[in-house]
Amino acid sequence: MNEGLLSMQGYALAALGRYADADKAAGVVLSHAPARLDMELLHSRCLAGLGRYQFAGDAAASAGKYDEAAIHYQNAAALSPNTPAPYIGLGSAYEMLGEYEKAVEAFSSADDILPDHPGILLNLGRVQAEAGQNQAAAETYLGIMNNHPDIAGAAVHVTTLYADLGKNAEAANAALAALAKGEGGRALLSLGGDLCRSVDRLDQAQECYTAALKEEPDNVHTLYSLRNVHLLKGEFKLCIEYMDRCLSLAPDYPKALFDKGTGYVNIGRLEDAAKVLRHLTDIDETNTKAQLELADVLEQLQKYDEVLEAYAKYLQTGVPNADVIRKLASIYSMRGEYEEALSGYDLLLESNPDDVVTRRLRAEALRFLGRDDKAAEAFAEMLTLRPHDLSIRFLYASSLATIGKTEEALNQYAELTLKDPENTAALFGYAEMLSRMGKYPEAVIHFDKLIGKYPRNSLLHIEKALASIKIGEPADIVSEMAAAGQADQKNPYVLSGLGFMQMVTGHPIEALAAFDKAETAGCKDPDLNFCRGIIYLQQNRFDMAEKAADHILKNDPEHIPAMHLKARSLESVGRLKEAVGYYDRIVKLSELGKEMEPSED
C-alpha cells in the first residue's frame, strides 16, 4: 500500500465532493497509520460533508482541532436539538479551548435535555469551577453527592469549593461525608479538622486531626492543630503535651513560638515572653505579627530603646502601619525627643492631613520645642476643622498667651468662658490675661470668684496677690507698721509684716529690705522667701525668684506654693520642660487635685 498516494487521493476526492470515497481512502491510511492526525482531520471533514456532524466533531477533537470540533457539534445540535450528545461534545471542545463560560452553557443545555445524569453533572461542575462560578459548581457537586452517593470525588469537590467561598459549615459537612466514604486521604483529614474547628465542632475536628496523625505521626501542622483544639476545649494538659511534641520536632516552628510568647504574656511572664518573641523575630524577620507583639511586650517592660528597635525592624519590612508610626512618635514624645516625634506626626499627616488628634499631638510637640508661634498656627488650623472643640481652643489660647499675644488670648478665653462657664482653666486664663493687660481690678474680681469656688488653691491666691499689688495704697497701715518696726527692730514678726505690706502696696525694694531685717532678726517663716520670690517674679528677676523657691524646697520638698513659684520662674525663661516637671510633681503629690475640689462650705 502506497500510504502517500492514498492520502493524496483522499484529499482530491474530498475536493471533488466525493466524501464517501475520500473517507474510505482516509480510513485505509488510518488502519495502517493510526497516528496520522491529518487523516483523522480528513476523516472529520468527510463526515461533516456527509452530514454526520456528531461523528465529525468527535474526529476533529481526536485530531486536536477543537475549534473545528465545536463547529461540527453546533451543527449536530442544530439538527438534533433534543439530543444531549452534541452539547456534551460542544462543552468538552469549549473546555479544551479554555472558553469555560461557553462550556458551562453547553453542559447546562445537555443537563436540561437529560436531567440529573451524573456524567453530565460532573462535567458541568468541573467547568463551572474553571469559570470561577464556585457557588454554582458547589451546588452541582452537592446534587451529585446527594443523589448519586456511589460517584466518588463529589464530596471532596464540595468541600474545597465551599471552603473557598468561606462557607465553612457546609464545607465541614461535605468533608465529613467524603471521609466517611474513605475519600480524600490525610490532606482532607487535615482540611476537615480545620473546617470543623472553625465552626466550633471541636470533637469532630479532634477526630479528623487524630486520624491524620495516625497516617503521619510527626506532622507538625497536625500536632499544632490538635493543640489548638485542646486549648479551645479547655484541656490544658493535653494542649501543653501537643505543644511540647510540636516544639520537640520543630523547635523554631513559628506558630508554636508565637503562641508560647503570647501565653507568657497572658500569665504576666513578660521577660520570658520577650525572650521567645525576640527569638522568633530573629529567625523570621518577615513575621510582622511577632514584631508588633514583641514591641508591645517591651513597652510594658518600659524598655523603650528596645521598643524603638523592634518597631524600626518592623518598618523595614515595608508594611505601612500608621499605628506603629503613631506609637513611635508617642514614645519619642514621652522620652522628650520631640524632634523625632514631630517627624512621625508629619509622616502621619502626609497620608491623613485631616487627622485632628495627630495635628494636636504635633502642635503640643511644637510647644515643648519652644516653637510656640508654630504651635499657635497649628491650633488655629485645627479650629477650622473643629471650631466647636473647646479643648483645642483652650490650647490655642494658651499658645497665644505664651507668645505674648495677650489680647488675642483674652478673646479666646472669653469665648471659652461663654460656651462653658464652669471651665475653670479658661476662667483662670481669662483672669491671668486681664492681669497681664494691666486690668488689675477686673483680674482680682475674677480671681476672687475662683477662690470662692476653690479656696485651697494656692496658685489662685498667688495670682491674686500679684494683681493686687497694683491696686490701692493703704498708707495709714504702712505708716503704723513702719513705726512699730522702728520701735522694735528685733521683732521678726513686725518686720516681716511690714515687708508684706510694703510688698502689696507696690514698694518692692522697701519690702525686700524689711524681709532681710526680719530674717536677720530670726524669722524662719518660709513665706518670707516666698514673698521675696513673688517680688523677684514681678521684677522679671527670674533667677532670683528661682533661688527663693529653691531655698524653700530645700527644707520642704513638698511645699506646693514654692513649686508653683519655681515652675513660674522656669516657664518665664522658656525652660518649659523643667517647668512641666514641677507641675507634674504637684499632680503626683495629689495636692493640686485636692486643692481644686470645691470647699464644703
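Nothing in this text is a laboratory measurement; each read-out follows from the coordinates by a stated rule. Computed from a predicted structure; not experimentally measured. Neighbour counts are summed over all protein chains in view; Cβ atoms, including those assigned to glycine, are modelled from backbone coordinates with ideal geometry.
Quick check: residue separation of TYR304 and ARG436 times 0.36 nm, minus the Cα distance between them. What number comes out in nm?
Details: separation 132, 0.36 × 132 = 47.52 nm, distance 4.17 nm.
Full-extension gain reported as 43.3 nm.
Quote to one decimal, in nm, the extra length available between LEU369 and ASP38 on full extension: 0.36 nm per residue of separation minus the C-alpha distance between them.
Numbers: separation 331, 0.36 × 331 = 119.16 nm, distance 8.62 nm.
Taking LEU369 through ASP38 to full extension adds about 110.5 nm, to one decimal.
Take the cross-link list LYS490/LYS524; LYS453/LYS524; LYS439/LYS517 and give me the ones stretching past 23 Å between alpha-carbons. Intermediate results must be reported in sequence, preceding the final value.
Details: LYS490/LYS524 14 Å; LYS453/LYS524 31 Å; LYS439/LYS517 33 Å.
In this structure, LYS453/LYS524; LYS439/LYS517 lie more than 23 Å apart at Cα.
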Against the longest principal axis of the chain, how steep is helix 84-97, in degrees 0 to 90 to the nearest 10, with axes from Cα atoms? 50
Once fully extended, how much extra length lies between ASN555 and GLU337, figured as 0.36 nm per residue of separation less the alpha-carbon to alpha-carbon distance? 75.2 nm
Using alpha carbons only, how many angstrom separate the centre of region 238-315 from the centre of region 125-197? 37
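Place the peptides 140-146, 572-578, 241-247 in order of packing, highest mean first, counting for every residue the other Cβ atoms within 10 Å and averaging per peptide.
Values: 140-146: 21.9, 572-578: 14.6, 241-247: 19.1.
Ranking, from highest mean packing down: 140-146, 241-247, 572-578.
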On C-alpha positions alone, give me the angle between the axis of helix 254-266 and the longest principal axis of the chain, in degrees, nearest 10. 30
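Given a Förster distance of 35 angstrom, what is the FRET efficiency for GLU215 paired with LEU165, based on the Cβ-Cβ distance and rounded to 0.05? Walk me through the intermediate numbers first.
On the way: r = 28 Å, r/R0 = 0.79.
E between GLU215 and LEU165, to the nearest 0.05, is 0.80.
Applying a 10 Å radius around every beta-carbon, put 168-177, 418-427 in order of their mean neighbour count, most first. Show your work: numbers first, answer last.
On the way: 168-177: 22.3, 418-427: 14.7.
Sorting 168-177, 418-427 by mean packing, highest first, produces 168-177, 418-427.
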Among ALA274, PHE107, LEU231 the positive-end extreme of the charge dipole of the chain (Cβ point charges): ALA274
Which of the three applies to region 296-372, rounded, prolate or oblate, going by the alpha-carbon gyration tensor with a ≥ b ≥ c and a/c under 1.5 meaning rounded? oblate
Sum of -39500 (n - 2.57) over DSSP H runs of 4+, divided by residues of the chain (222 nm, nearest 500): -24500 deg cm²/dmol
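Rounded, prolate or oblate: which one fits region 206-271, using the alpha carbon gyration tensor with axes a ≥ b ≥ c (rounded when a/c is under 1.5, else prolate when a/b beats b/c, else oblate)? Write down the numbers at each step before the final one.
Values: a/c = 2.85, a/b = 1.57, b/c = 1.81.
Taking the square roots of the gyration eigenvalues as a ≥ b ≥ c, region 206-271 is oblate.
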What nm distance separates the two modelled labels at THR520 and THR262, each placed 7 Å from Cα along Cα→Cβ? 7.6
Which of the trypsin sites (Lys or Arg not before Pro) across region 168-242 are loop residues per DSSP, with 11 or fewer other Cβ within 10 Å? none
Please give the peptides 113-122, 62-71 ranked by average Cβ packing (other Cβ atoms within 10 Å per residue), highest first, as a rough proxy for protection. 62-71, 113-122
How far is helix 270-283 tilted, in degrees, relative to the longest principal axis of the Cα atoms in the chain, given as a value from 0 to 90 rounded to the nearest 10? 50
Starting at 0 and stepping by 10 Å, how many percent of the alpha carbon pairs of the chain end up in each bin? 3, 10, 13, 12, 11, 10, 10, 9, 7, 5, 4, 3, 2, 1, 0, 0
